[in-house]
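Every read-out reported here was derived from the displayed coordinates using simple, explicitly stated rules and does not represent laboratory data. Not measured: the values here are computed from a predicted model. Don't worry about glycine lacking a Cβ; one is built from the backbone with ideal geometry, like all the others, and counts go over all protein chains shown.
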């Protein structure tokens, strides 16, 4: 039985690097509206017995102030090494920490950019639950596992061969390969459970740039791919979310009820252009590059 204990991880990047990214990416790596909405959606829909938030460097700002009462803060030191192999990038450090916490406690791991639509109660009778990303990947942005699950233990042990140069091998590709020997012990959900639309430009547009389409909504949740969607998400205000008619903005609106339009001090304009128009332009450029790459 998988316990209703949610695990979040954030703030593992060095402080100086975090600030640098805030400047370069319009606050995207700070704690913003999108993160608050995602954590609140998880707490309200899953109704956990506990929600643990692991951090090394605590975020700050008005959106963090709203989030803190929803979670239990757990200060950690991010790993620099696993099985003698260096772990330098904060994303890979978070990959290790999430496996360690699921081994120790069991529960539900969620990236901070996963917006939850439905209760996970129907999934809790399994040993491990993961969602497909594409045809040959199981993405670790959403993971459910019982305490000490053998699959999670073997996955963790596989880090003896970890190579940071292989970006998604241990987070997406390897778990898919391992799961093939576990049969029904690893309950694999279709991509529509958590990870569709995908991170590709045309799918980012479906979530953020196109008119609201009900079929875009995930069966249980949507991974919002914040790094790919940073032009849409950075510096958002409640006022902007209320004005734009897209899937993401519709999902986010209920969690912003009662907040003033300018809450959080974000920005509705970039380079003199309305944010959503600017973001769509950048999105179309990315789509064009992807199309050219395929040709």
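Let me make sure I get this right: for segment 132-260, a, b and c are the square roots of the gyration tensor eigenvalues over alpha carbons, sorted descending. Under 1.5 in a/c it's rounded, otherwise prolate if a/b > b/c, else oblate. Which is it? Judged from the Cα gyration tensor, segment 132-260 comes out prolate (a/c at least 1.5, a/b above b/c). For the listed peptides 155-162, 77-84, 225-232, 30-37, a ranking on the average number of other beta carbons within 10 Å per residue, highest first, reads 30-37, 225-232, 155-162, 77-84. Among rounded, prolate and oblate, which fits segment 71-151 when a ≥ b ≥ c are the square roots of the eigenvalues of its C-alpha gyration tensor, a/c under 1.5 means rounded, and a/b larger than b/c means prolate? It is prolate, given that a/c is not under 1.5 and a/b is the larger ratio.
Using alpha carbons only, how many degrees (0 to 90, rounded to 10) separate the axis of helix 90-105 from the longest principal axis of the chain? Taking Cα atoms only, the helix is inclined about 50 degrees. Calculated [222 nm] ellipticity per residue, helices only, for the chain: -10000 deg cm²/dmol; basis is -39500 (n - 2.57) per DSSP H run with n ≥ 4, divided by all residues, nearest 500.
If you sort the three axes of the alpha carbon gyration tensor as a ≥ b ≥ c, you get a/c of 1.5 or more for segment 5-191 and a/b no higher than b/c, which makes it oblate. Considering only DSSP beta bridges with both partners in the chain, what is the antiparallel share in %, to the nearest 5? Of all bridge pairs located within the chain, approximately 50 percent are antiparallel. Helix 33-46 axis versus longest C-alpha principal axis of the chain: approximately 50°, rounded to the nearest ten. When the Cα centres of segment 103-129 and segment 145-196 are compared, how far apart do they sit, in Å? Taking the Cα centre of segment 145-196 as reference, the centre of segment 103-129 is 14 Å away. With respect to the chain, whose longest principal axis is taken over its alpha-carbon atoms, helix 275-294 is tilted by about 50°.
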